[in-house]
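Data first, discussion second: the structure below is written as structure tokens.
The values are calculated or read from the model by the stated rules, or taken from the named source; none is laboratory data. Bear in mind that the values here come from a model prediction, so they are computed numbers and not experimental data. Don't worry about glycine lacking a Cβ; one is built from the backbone with ideal geometry, like all the others, and counts go over all protein chains shown. Protein only, heavy atoms only, side chains kept; ligands, DNA and RNA dropped before computing areas. Shrake-Rupley method; radii C 1.70, N 1.55, O 1.52, S 1.80 Å.
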Amino acid sequence: MAKLRRGMAGRGARFLKDWSLPRQLAGESPMSTAARSTTSENLRPRLEQADRVGTSICPFCAVGCSQLVYAKNGKPIHIEGDPRSPVNQGTLCPKGAGTLGVLLSPQRINKVLYRAPHATEWEERPLDWAMERVAQLTKQARDETFVERLPDGKVVNHTIGIGSLGGATLDNEENYLIKKLFNGGLGMVTIENQARI
Amino acid sequence: MALWDLANSDWVITMGSNMAENHPIAFRFLVEAKRRGATLVHVDPRYTRTGANCDIHAPIRSGSDIAFLGGMIHYILEGDHWFRDFALAYTNIAHIIEDAYADPEQGDGVFSGFDPQQGDYSEESWQYKGKIVPSPIAEHRVQGEQKGAQSESMAEGPPPQDPTLQHPNCVYQIMRRHYARYTPEMVEQVTGCPRETFLSICELVAQNSGRDRTGAFAYAVGWTHHTYGVQIIRAATIVQSLLGNVGRPGGGIMALRGHTSIQGSTDIPTLYNMLPTYLPQPNAFHDHATLDRYIASETPATGWWHNFPKYIVSLLKAWYGENATAANEWGYQHIPKLTGDVSQLPMTLAMSNGVVKGQFFIGQNPVVGAVNTALVEKGLARLEWMVVRDIAMTETANFWQKGNRIQRGEARPEEIGTEVFFFPAALAAEKGGTVTNTSRLVQWHDAVCEPPGSSRSDLWFIYHLGRRLKQLYAGSTAPRDRAIQALTWDYPMMGDKQEPDAEAVLQEINGYTVADRKLVPNYQALKDDGSTACGGWMYSGVFPKEGQNQARSRRPDKPGGPGSHLGWAFAWPSNRRTLYNRASADPEGRPWSERKKMIWWDEGQGKWTGLDVPDFEPEKRPDYRPDWSKNPHGMEALGGADPFIMEPDGQSMLFVPSGLKDGPLPTYYEPLESPVRNPFYRQQANPTAKIWEQPGNELHGIGDPRFPYVLTTFRLTELHCGGVMSRIAPHTAELQPEAFVELPPELARELGIEHLGWTTLSTLRGEVEMRAMVTERLTPFEINGRRVYQIGVPWVYGWEGYARGDVANVLLAITGDANTSIHTTKALTCNLRAGRRAGTRSGPDAG
Ligand code: SF4
């Protein structure tokens, strides 16, 4: 019985010694030694498991904060501000800090969805099928609405029967190809994005 | 200016922006400036965290900004507080304007040249006397009369000037007369800001600008989302040019733009009126029938834009490759011509009028983010088909199932014939590419992880769509199909998903010599003879050599370094961090002061040098003067002390002779919807504002008693714009779970509204319900002796994601800024009452 009590006292003493709060209350820095405990010693940073790290830019606002993205088996496991960036020096705002939550959100959709005219529900469709259908519809709409000349003979070579909206959330290379294909290739002029608004 | 340069400012006025909440990481440079002794000011209808972190908060009624800034110009001119050595040398303050010019002071709110039938201006009477001045901005060149061919007069001699500033029609005298009535009393009466507060801000900027001290403005869509948004920014430009706060460390006007690459999508535009990097889209009603005519009318005689032919020919070579030859005008006829404004607002109307058959939505959600979104939904229902590319379900994609009209029983899905495709998209970390931030910093992001399932980058989508279309058109012999056949469309693909290589696209944007496909080092290497190809001349230098992607460069300055961080990514043009930085030195080329030095002339080396890349011809001596006897063109017509090289005479334009649709000087108009009459003029609103009144898009009259409250919309730190992107992120959504309206306690008492209780807001466009946030952050204004209540709503909610609420933009009307066609979201009128709205509920607890 006495032995048991001694054992408990010993464990209690060890716990008290290990517990960081009394040391912090005694004035030791919570940033260094007084933050240590057996539990903290056994914690490993999540990003140690990463097999890849790359530089990214926050997908939200135009401040352009840099991020370090850590991935394992092709999936992101951790995102933090890049300390080298003179823009954010490692910091991120609540949105930027929530980027992992966006990438991994259960609300993300990873299938192509299709809604037939007058249908009440979505259906899933293969990517290849949808790409071909959109290409066909684009060609058909262009061919039906393309104008080579105005009634007074002025050449316009355009269509206003197809429009495109969006671009400010995309990459420069993507915007470049959208304008090149839609405007320079198909003659679409109704091309806009959030930059105007 | 670079974002981090704000830390060098001695004062910063944030106005038209809630920077601490909406550009939080940029705001840390203001915090740093304050730590170094700067004074911070927030001018805003609402008291927010920005105001809380500033030394002065000046409340103003939404939309009254030009009265406030005009008052500052008045204070600076009448008190002789302007930086004389700077403004006399670097602005058009001494230029003499045509005799026929008449000011709104004479015309009761309208400038000379107005055609009331057409509702637009002719700029003839605004020109420098005896000259025809071309506009430096392509966007405006394309809309106004074409002056390129006639701008020869600029090469014949300098514009007439009176350095003594006595001439009655010199810009100085015109401005003094124009702003004579913008007194502190008037500012108080119009904006509601107490005059002592206003005057303390005037004193602050006047005392802390000059050789030794500089300051900056920071703005966001609180300035642009008006029918006179461009003129608000112009008013700040006048303040800054008069005070010498342009092109100098800590000086300038910081545009805090919205989305991650909104600057990039302006430069390399998915916009209707521009080809990449600010070349005008050809227009059937301008002198653009042939490439020669287009070049002749779009090339100004003097200034940097004289290089225009090199840029357009190189673009055509990039797009049509070997199919672009001298014999076929380098493929110029393949480029479609405009016949009018087809920007987003007319696009919305075109959809609702049934003109559009098919529509792509690529990372944009107009059912939440556009204005008058009930009308947007009607437009979507009239499309034959539409494609939505996003990462999660958006209100635009399922308008036919859950839209406002469905919720309220006005339509049923079975009645809507639109065929809808939803393609899942990849996010930045899942694809490689560049985005351009708000201070022109082009930064590469890596593909670190895989996009899930069938998600693909937008690069993949557009590239493979293009390949399929090229196949579909391969056999055609119709001339109208030549463009798609001629288009160069061959980028290397990577991996089993066949992802196109974004670096190859960036190399095309950078440009290369056609013969050997060697990348060009900069845009100075571009030619107009078809020997170079370049997709976006301003970005030349981002990829100057094989293997040297400057957007990937990650070498910041060390502490104590110059602080321009030239090794961190790439800033267009030519990696310059501060535009027009020649103005950081005096006319002789010496820094204005040691404290504010940036670039200077090094006589020993015979070139410009300093802490930034000089935004000037590197070896042009400060004492170089054009030899007018030789009829100089291009840069030869600009002297060594003319810093503003994109302008036709290198001088900053206080008074703008060409390029603005609504007048050469900012002048005060009320918002289209206002509770009061314009206290300055009989002309109530901007006479050139774009108004599309039609059923479902009606406007409220002046002081309409049914809609007595001033409404402004805003967004939140945690939720980003109309995108579902932040509403699907669990913890940002949890922080701002539900839509609300902010209103002052006085109004809440008057209307019997309780904090957190339900309220209904309405306009002639629609009705929405939200919880009340009763807060002293808003205070009633005394305008012209009348009490006016200001309220505000965040516009970031919809019915998708975890954070939900009614779509606030249902309340807004489609109206456009005269110059840019930007919509009005910051100042309108509405009604507010306690209780929920009629019809099916869509609130978060509606199930
Ligand atoms: S972290 Fe915040 S401030 Fe930085 S880019 Fe992202 S959203 Fe903008």
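Per the conditions (1) within 25 Å of the chain's Cα centre (by Cα); (2) within 16 Å of the ligand (Cβ to nearest atom), the sole criterion not satisfied by residue B:51 is (2). Checked against (1) within 14 Å of chain A (Cβ to nearest Cβ); (2) away from the ligand (no atom under 16 Å from the Cβ); (3) touching a residue at least 60 places away in the same chain (Cβ under 8 Å), residue B:269 passes all but condition (3). Taking the condition surrounded by 24 or more Cβ atoms within 10 Å (Cβ to Cβ), of a type outside the set (Lys, Arg) and either under 30 Å from residue A:61 (Cβ atoms) or more than 10 Å from every other protein chain (Cβ to nearest Cβ) (or both), does residue B:366 pass? In short, yes.
Yes or no: residue B:240 within 16 Å of the ligand (Cβ to nearest atom) and either of a type in the set (S, T, N, Q) or without any contact (Cβ under 8 Å) to a residue 12 or more places away in the chain (or both)? For residue B:240, the condition - within 16 Å of the ligand (Cβ to nearest atom) and either of a type in the set (S, T, N, Q) or without any contact (Cβ under 8 Å) to a residue 12 or more places away in the chain (or both) - is not met.
Please specify each residue of the range B:224-258 satisfying the condition of being open to solvent by less than 20 Å² (accessible area, probe 1.4 Å), closer than 22 Å to residue B:364 by Cβ and not in a loop (DSSP other than H, G, I, E, B). Once the filter is applied, which keeps residues that are open to solvent by less than 20 Å² (accessible area, probe 1.4 Å), closer than 22 Å to residue B:364 by Cβ and not in a loop (DSSP other than H, G, I, E, B), the range B:224-258 yields only B:229. Scanning the range B:395-434 for residues that are within 16 Å of the ligand (Cβ to nearest atom) and either over 24 Å from residue B:450 (Cα atoms) or open to solvent by 10 Å² or more (accessible area, probe 1.4 Å) (or both) yields B:427, B:428.
Is it true that residue A:135 is more than 16 Å from the ligand (Cβ to nearest atom), under 18 Å from residue B:426 (Cβ atoms) and modelled with pLDDT of 95 or more? In short, no. I'm checking my understanding of the structure. Among residues of the range B:94-122 that are part of a strand (DSSP E or B) and hydrophobic (A, V, I, L, M, F, W, C), which one is nearest to residue B:691 (Cα to Cα)? Among them, the one singled out is B:114. When B:88, B:30, B:77, B:40 are checked against the criterion of being within 22 Å of residue B:182 (Cβ to Cβ), modelled with pLDDT of 95 or more and of a type in the set (A, V, I, L, M), a single residue qualifies: B:77. Kindly evaluate residue A:79 against the criterion of being more than 7 Å from chain B (Cβ to nearest Cβ), open to solvent by less than 60 Å² (accessible area, probe 1.4 Å), within 16 Å of the ligand (Cβ to nearest atom) and among the aliphatic types (A, V, I, L, M). It is true that residue A:79 is more than 7 Å from chain B (Cβ to nearest Cβ), open to solvent by less than 60 Å² (accessible area, probe 1.4 Å), within 16 Å of the ligand (Cβ to nearest atom) and among the aliphatic types (A, V, I, L, M). Can you pull out the residues in the range A:133-163 that are closer than 13 Å to residue B:468 by Cα and within 7 Å of chain B (Cβ to nearest Cβ)? A:134, A:135, A:137, A:138, A:139 - these are the residues of the range A:133-163 that are closer than 13 Å to residue B:468 by Cα and within 7 Å of chain B (Cβ to nearest Cβ). Among the residues of the range A:90-132, those that are at the interface with chain B (Cβ under 8 Å from one of its Cβ atoms), within 16 Å of the ligand (Cβ to nearest atom) and open to solvent by 30 Å² or more (accessible area, probe 1.4 Å) comprise A:91, A:92, A:94. Note on the range B:786-804: residues that are touching a residue at least 40 places away in the same chain (Cβ under 8 Å), open to solvent by 10 Å² or more (accessible area, probe 1.4 Å) and in contact with a helix residue (DSSP H, G or I) (Cβ under 9 Å, 6 or more places away or on another chain) amount to 6. For the range B:23-36, filtered to residues that are open to solvent by 20 Å² or more (accessible area, probe 1.4 Å) and within 13 Å of the ligand (Cβ to nearest atom), the residue that is farthest from the other protein chains (Cβ to nearest Cβ) is B:28.
In the set B:559, B:622, only one residue is open to solvent by less than 30 Å² (accessible area, probe 1.4 Å) and not polar (S, T, N, Q); that residue is B:622.
Residue count for the range A:159-182 under the criterion of being in a strand (DSSP E or B) and either open to solvent by 10 Å² or more (accessible area, probe 1.4 Å) or among the hydroxyl-bearing types (Ser, Thr, Tyr) (or both): the result is 3. Condition first: within 31 Å of the chain's Cα centre (by Cα), within 30 Å of residue A:147 (Cβ to Cβ) and more than 9 Å from chain A (Cβ to nearest Cβ). Now tell me which residues in the range B:474-521 satisfy that. Across the range B:474-521, there are no qualifying residues. All conditions but one from (1) within 30 Å of residue B:837 (Cβ to Cβ); (2) surrounded by 21 or more Cβ atoms within 10 Å (Cβ to Cβ); (3) at the interface with another protein chain (Cβ under 7 Å from one of its Cβ atoms); (4) not polar (S, T, N, Q) apply to residue B:377; the one that does not is (3).
Yes or no: the range B:210-219 includes at least one residue that is crowded, with 24+ Cβ neighbours inside 10 Å and assigned to a helix (DSSP H, G or I). No, that holds for no residue. Scanning the range A:33-69 for residues that are away from the ligand (no atom under 16 Å from the Cβ) and either crowded, with 24+ Cβ neighbours inside 10 Å or small (Gly, Ala, Ser) (or both) gives A:34, A:35, A:37, A:40, A:50, A:54.
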